[in-house]
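The values are calculated or read from the model by the stated rules, or taken from the named source; none is laboratory data. Everything quoted here is computed from the prediction, not taken from an experiment. As a convention, Cβ positions derive from the backbone with ideal geometry for all residues, glycine included, and neighbour counts pool all protein chains shown. Ligands, DNA and RNA are stripped out before the accessible areas are found, and what is left, the full protein with its side chains, is counted by its heavy atoms. Shrake-Rupley method; radii C 1.70, N 1.55, O 1.52, S 1.80 Å.
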Amino acid sequence: RLDPLSYQVLRQAGTERAGTGEYTDTETVGVYRRKARGAEPFRSDTKFHSGCGWPSFYQPMTDTLEYLEDTSHGMKRVEVRCANCGSHLGHVFPDGYGTPTGDRYCINSISLRLKPAEE
């Protein structure tokens with residue numbers, strides 16, 4: 001079962017308000033798992049501070065993501081979803097920020113769970 005905000009984001013392609021997510025400024029080393037299924041799409045070593053208000057990554061670590069054109073809200077974006085269950089995670093933008101891949105994955109904190117690295 002999902003709480004109302006998780007349901008809105010994961011099932012209805014909603015978003016958290018900018019700057020409110022648990023992982024926006026987190027620097028903990030570990031692996032980010034998808035909240036709905038537990039797969040591991042991102043590692044902390046690909047996370048960076050973009051200043052956009054959501055956790056940002058420059059490269060996923062799995063091929064279990066799907067990409068859909070999103071023209072809602074008068075914008076042209078690429079939506080990132082779980083390829084297995086269809087849960088909305090966020091969007092990817094090809095705007096660089098000086099990243100090695102030239103991509104910025106803006107992912108809703110509420111769609112993730114951080115598994116810290118074991119020491």
TODO: Kindly provide the set of residues from region 76-91 that are aliphatic (A, V, I, L, M) and either in contact with a Lys or Arg (Cβ under 7 Å, 6 or more places away or on another chain) or not in a strand (DSSP E or B) (or both), ordered by number.
DONE: A83, L89
TODO: Taking Y97 as the residue in question, decide whether it is at positive phi and in contact with a strand residue (DSSP E or B) (Cβ under 7 Å, 6 or more places away or on another chain).
DONE: yes
Open item on the list: A39 - would you say it is assigned to a loop (DSSP other than H, G, I, E, B), touching a residue at least 12 places away in the same chain (Cβ under 8 Å) and open to solvent by 40 Å² or more (accessible area, probe 1.4 Å)?
Closed with: no
- [ ] Take region 45-75 and flag every residue that is outside any loop (DSSP other than H, G, I, E, B), open to solvent by 40 Å² or more (accessible area, probe 1.4 Å) and closer than 19 Å to Y97 by Cα.
- [x] D45
Task: Residues of region 26-43 satisfying the condition of being under 20 Å from H88 (Cα atoms), modelled with pLDDT of 90 or more and not β-branched (V, I, T) - done: Y32, R33, P41, F42, R43
TODO: State all residues of region 92-116 that are open to solvent by less than 20 Å² (accessible area, probe 1.4 Å) and either touching a Pro at 6+ places or on another chain (Cβ under 8 Å) or under 20 Å from K76 (Cβ atoms) (or both); if no residue qualifies, say none.
DONE: V92, G96, Y105, C106, I107, N108, S109, L112
Open item on the list: Looking only at region 76-85, filter to residues that are open to solvent by 20 Å² or more (accessible area, probe 1.4 Å) and not basic (K, R); which one of those is modelled with the highest pLDDT?
Closed with: V78
